[in-house]
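Trainee: The following block contains the structure, expressed as structure tokens.
No lab work stands behind these numbers, since they all come straight from the coordinates. Because the structure is predicted, anything quoted here is derived from the model rather than measured. We place every Cβ from the backbone using ideal geometry, glycine too, and count neighbours over all the protein chains shown.
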Amino acid sequence: MDRAAFLARIRAEMGRATGLPASRPTGRPARPREQLDVLRREMAERWPESLAGFKREFERVGGVLHRVADARDVAPTIVAIARERGMQRAVAWHADALGVDVAPALTAHGLPTTAATDAEVDPRERERRRAVAAAADLGVTGADLAVAETGTLVVVSGAGRPRSASLLPTCHVAVFDREALVESLVQVGLVLEAWHDGSPPPWRGASINFITGPSRTADIELTLTRGVHGPREVHAVFVERGLSSRRA
């Protein structure tokens, strides 16, 4: 079969689809920051239901949710995760971005932890820190959003919050509170519009990662393997009394 005949066959096969529903782009919200403020007030009452939904979906995709009373309980929870798995080294976001300073506590409990700097670094230092993250067993980050509908963590990069902490170590632990909870991907769209309404904060990076469970890769025979292109385990630590993290 020559090239022309091959392409003609593809066109004919594609033409068999009939009765497709009409579609159109969703309109962008007017005054997204104001709408987000309304959503936040509503979520202040609905967050328990959203957390329950997030837990259900997060665990369905292979995540593990831990619930602690306040920020002081975050480090002991992470240490317990590391000890159960024999982990030796960790990296973490800067305390201002994470909302809690875990690095000293983790190091004191026998888990040496390298925290990110809160300022931009030159390319050589960036490469060095990336290598440290690649050699770490565990990466600790915040989560700017936790989506109940899908069990997804949304993580924004930037100064003090490197992508490598969530992508390179074997195990990723994300720390969040009720301020990060949203119910649906539709609400995520509103949040993204609000984040990009006006001038961005100087610390914000260019990457927004959506993380739904551990890294998964399947070969042509559909044999599923975890951790080939990212963490084999993803844990989330929900802090009931809240964090002091810098929001995206």
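Trainee: Name the one entry in T141, T150 that is crowded, with 23+ Cβ neighbours inside 10 Å, of a type in the set (S, T, Y) and touching a helix residue (DSSP H, G or I) at 6+ places or on another chain (Cβ under 7 Å).
Mentor: When all the criteria are applied, what remains is T141.
Quick grid of which residues meet (1) charged (D, E, K, R); (2) under 25 Å from A148 (Cα atoms):
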{"position": "P29", "(1), (2)": "no, yes"}
{"position": "L39", "(1), (2)": "no, yes"}
{"position": "E42", "(1), (2)": "yes, yes"}
{"position": "W47", "(1), (2)": "no, yes"}
{"position": "D70", "(1), (2)": "yes, yes"}
{"position": "P76", "(1), (2)": "no, no"}
{"position": "V91", "(1), (2)": "no, no"}
{"position": "A103", "(1), (2)": "no, no"}
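Trainee: With the range 1-106 as the region, which helices (runs of 4 or more DSSP H) entirely inside it contain at least 1 residues that are surrounded by fewer than 12 Cβ atoms within 10 Å (Cβ to Cβ) and of a type in the set (K, R)?
Mentor: Passing ranges, in order: 3-14, 32-60.
Trainee: Regarding V79, is this residue within 30 Å of G189 (Cα to Cα) and of a type outside the set (G, A, S)?
Mentor: Details: within 30 Å of G189 (Cα to Cα): no; of a type outside the set (G, A, S): yes.
Spelling it out, it is not the case that V79 is within 30 Å of G189 (Cα to Cα) and of a type outside the set (G, A, S).
Trainee: Any residue at all in the range 50-64 that is in contact (Cβ under 8 Å) with a residue 24 or more places away in the chain and more than 25 Å from H235 (Cα to Cα)?
Mentor: Taking every residue of the range 50-64 in turn, none turns out to be in contact (Cβ under 8 Å) with a residue 24 or more places away in the chain and more than 25 Å from H235 (Cα to Cα).
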